[in-house]
Structure formats: C-alpha cells, structure tokens
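Any read-out appearing in this document is the output of simple, stated calculations on the displayed coordinates, not a laboratory observation. Source: prediction; values computed, not measured. Here the Cβ is made from the backbone with ideal geometry for all residues, glycine too, and neighbour counts use every protein chain on show.
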Amino acid sequence: MKLYIAVPSPFARKCRIVAREKGLSDRIEEIAVDPYANAPELLASNPVVQVPTLIAEDGLPVTDSPVICDYLDALGTGPLLIPASGAERLAVRRVETLANAALEMGVKLVLEKRRPESERSPSWIGRWTENMARALDALEAVCDDPWRVDMGTITAAVAVTWIGFRHPDFDWSGGRPRLAALREAMEARPSFRTTRPDA
C-alpha cells in the first residue's frame, strides 16, 4: 500500500499513527508530496489533490482521513481503535468529530493567514478562532482518561499538538488540563514520536 502524506498535515498524521498502532507500517510506503503543487502521483489518485490519500490493497484510492483510519483499523492487528458498534462506537466517533472540527478551524486560519494581509478577513479569523476554542473546550469536557487509546483520543492529541505547532500564539492548554495530560501521554507513544509535525 502507498500513503501519500505531507509531514506537517494533522490528517495525514492520524493515518500514520493508526498504521503504527495497528502493526501495518511494514505494509505501507509513506510518500511525501506537495499537494499545493499538484503532485502528479497524488493527482492521479485523488481529483482534489489532498493528503492523506491511501492506495489500498486492492489498488484503489481511499481518501479522507476518517475513512482511511477506519480501513486501517479493520485491516491491522490488536484492539480496535474504533469500536465495531453500539454506544462505544458512537462515543469514540463523537470525540473524533470534535477533534476534527478543531483541526478544520485551525486549517482555515492557516490558509487565511497565508493570504496577502490586505485580503484577509478579520471577521472570519475571529469566528474560526472562537470555533476552534469552543471545540477544544468540548474536548476538555469529554477527554477524561489520558491513557485510553482510541480514534477519538488519538485525534484529540493530534489536534492539540498541531494547533500548538501552527498557532503558537493560541493558548490551547490554558484551562484545559485534561487535554494537556492527554497530549503528554499520547506524544510519549512510539507512534506519535515518529510522526511529529515538525520532523
């Protein structure tokens, strides 16, 4: 299998972490590409030229990080990171969705700040910053066990690390001790240490 990534991408990092947690590293070739340059190999498999994109075992592309992670979770070994069904599955997916929402707001902020200053929208920057903060507050309320490893807690830890990396002036940990503890616990895992966004 091939996984097209950009090293700083938090969405690609989620997939790289799941591959390691599920014992699939030796079956996946990670290929760093520049999606903004319309990397030909990425464009050939993903019409919107986004990372991550996985070329699955059947040779077909799988796009969107939650779908890729779901596929890898089912393919790999060890306990499921996404429970198979019922209330446990919904609980994990709710946390994952909150963390993805925080990331989406953070990505919007990055892209807006890359525009020429005269073209930036202060109102959108303010709204996305507030939304990101609210999503983190919601995560703080539900991430009560820093040692639980599932798709929700993985995504939450990836989110706060990336927000700290891309938005160093934003105080993500202030008033959020549970998220700070979760990040500390997760970033100590080998799957996290080998996929840092600043590598």
### Query
Quick one: in segment 153-199, which of the residues that are outside any helix (DSSP H, G or I) and aromatic (Phe, Trp, Tyr) is farthest from residue 90 (Cα to Cα)?
170
### Summary
Flagged in segment 17-63 as part of a helix (DSSP H, G or I), in contact with a strand residue (DSSP E or B) (Cβ under 9 Å, 6 or more places away or on another chain) and buried (at least 16 other Cβ atoms within 10 Å of the Cβ), in numbering order, are 19, 35, 42
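Do we have residue 104 as in a helix (DSSP H, G or I), free of Cβ contacts under 8 Å to residues at least 12 places away in the same chain and under 14 Å from the mean Cα position of the chain (by Cα) here?
Numbers: in a helix (DSSP H, G or I): yes; free of Cβ contacts under 8 Å to residues at least 12 places away in the same chain: yes; under 14 Å from the mean Cα position of the chain (by Cα): yes.
Taking the combined requirement at face value, the residue satisfies it.
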### Query
residue 47: touching a Leu at 6+ places or on another chain (Cβ under 8 Å) and not aromatic (Phe, Trp, Tyr), yes or no?
no
### Query
Applying the selection to segment 76-98, what residues are free of Cβ contacts under 8 Å to residues at least 60 places away in the same chain, crowded, with 17+ Cβ neighbours inside 10 Å and either more than 15 Å from the chain's Cα centre (by Cα) or under 16 Å from residue 23 (Cβ atoms) (or both)?
76
### Summary
Exception for residue 188 within (1) within 20 Å of residue 14 (Cβ to Cβ); (2) surrounded by 13 or more Cβ atoms within 10 Å (Cβ to Cβ) falls at (2)
